[in-house]
Amino acid sequence: MMLSQCIWRSDCLIKTIRSDGYFGMYRGAAVNLTLVTPEKAIKLAANDFFRHMLSKDGKKLTLLKEMLAGCGAGTCQVIVTTPMEMLKIQLQDAGRLAAQQKLMGAQAVSSSPTGSSISSTSHATSSIGSQQTATQITKELLRSKGITGLYKGLGATLLRDVPFSIIYFPLFANLNKLGQKNADGKAPFYVSFISGCIAGSTAAVAVNPCDVIKTRLQSLQRGLNEDTYLGIVDCTRKIWRNEGAGAFLKGAYCRALVIAPLFGIAQVVYFLGIAETVLEMLSNRRY
């Protein structure tokens, strides 16, 4: 099983680089860079807020209350997560579909008369040249569907992010406690980093089926023979019927590899108070 997954991931990497170049793997990175910081800030701050609200009686938070705080954090973050994911997926789909059309054009060259091959090739070339930027996609969505266009797939995003936070925050908090020398002290930074990595990767794999459904629903452009979906239930049913249960775990390994260091670093920055220190320095320089 693991061998077949490694072969599939290697094949995907090779084909992506071959068809779209090395930088094709970074399609949608600008959207991530712009919105991932406020997303993580909202998630971490909201979790702390809800934990504080739920512990006003002075008692230690129970596991249920930790999960409720995570639920609140996951609900708050979709304000940023949904449009970020929506734009990122459209940019990645543009590259994928352009590569598919390029391949079809190349096949037409080898199997069709000269006239039709030129037509197919020019069609593929024009499609590749017309790939949109994040700004263009945002403007088009706002023009055609309004602000709701950026929030297509909101229900599926909630379905992924709320369970993620319910799993992540209690798991991180309890792992991080293992490194505390006393009840009131902070754990060393490396303990927070490792705890963030373990909790992040565990939560990412656990909610991967929801991420697959969300991605399918937010994809506005369809390739050849790709299904269209009417909603979460319809999407789940079609994936199960056409691709089998294994389809819900596609990308789980890669997702865990990305999420682990991301949350490890985020937790270290947050717990060490680096952001607060930088803001204080900027404030002092201003005055």
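For I118, the test of being part of a helix (DSSP H, G or I) and either touching an Asp or Glu at 6+ places or on another chain (Cβ under 8 Å) or modelled with pLDDT under 55 (or both) is passed.
Is it true that some residue in region 56-76 is assigned to a loop (DSSP other than H, G, I, E, B), modelled with pLDDT of 65 or more and on the phi > 0 side of the Ramachandran plot? Among the residues of region 56-76, at least one is assigned to a loop (DSSP other than H, G, I, E, B), modelled with pLDDT of 65 or more and on the phi > 0 side of the Ramachandran plot, which makes the answer yes.
Filtering region 248-270 for residues that are more than 19 Å from the chain's Cα centre (by Cα), open to solvent by 50 Å² or more (accessible area, probe 1.4 Å) and at pLDDT below 90 leaves a non-empty set. Against the numbered list (1) surrounded by 14 or more Cβ atoms within 10 Å (Cβ to Cβ); (2) within 21 Å of the chain's Cα centre (by Cα); (3) modelled with pLDDT of 55 or more, T37 comes up short only at (1). Checking each residue in region 164-178 for being over 21 Å from V191 (Cβ atoms) and surrounded by fewer than 19 Cβ atoms within 10 Å (Cβ to Cβ) picks out no residue at all. Scanning region 48-86 for residues that are charged (D, E, K, R) and open to solvent by 30 Å² or more (accessible area, probe 1.4 Å) turns up D48, R51, K56, D57, K59, K60, K65.
The values are calculated or read from the model by the stated rules, or taken from the named source; none is laboratory data. All values reported here derive from a predicted model rather than from experimental measurement. Note that each Cβ is placed from the backbone with ideal geometry, even for glycine, and that neighbours are counted across all protein chains shown. Calculation scope for accessible area: heavy atoms of the full protein, side chains included, ligands and nucleic acids excluded. Shrake-Rupley method; radii C 1.70, N 1.55, O 1.52, S 1.80 Å.
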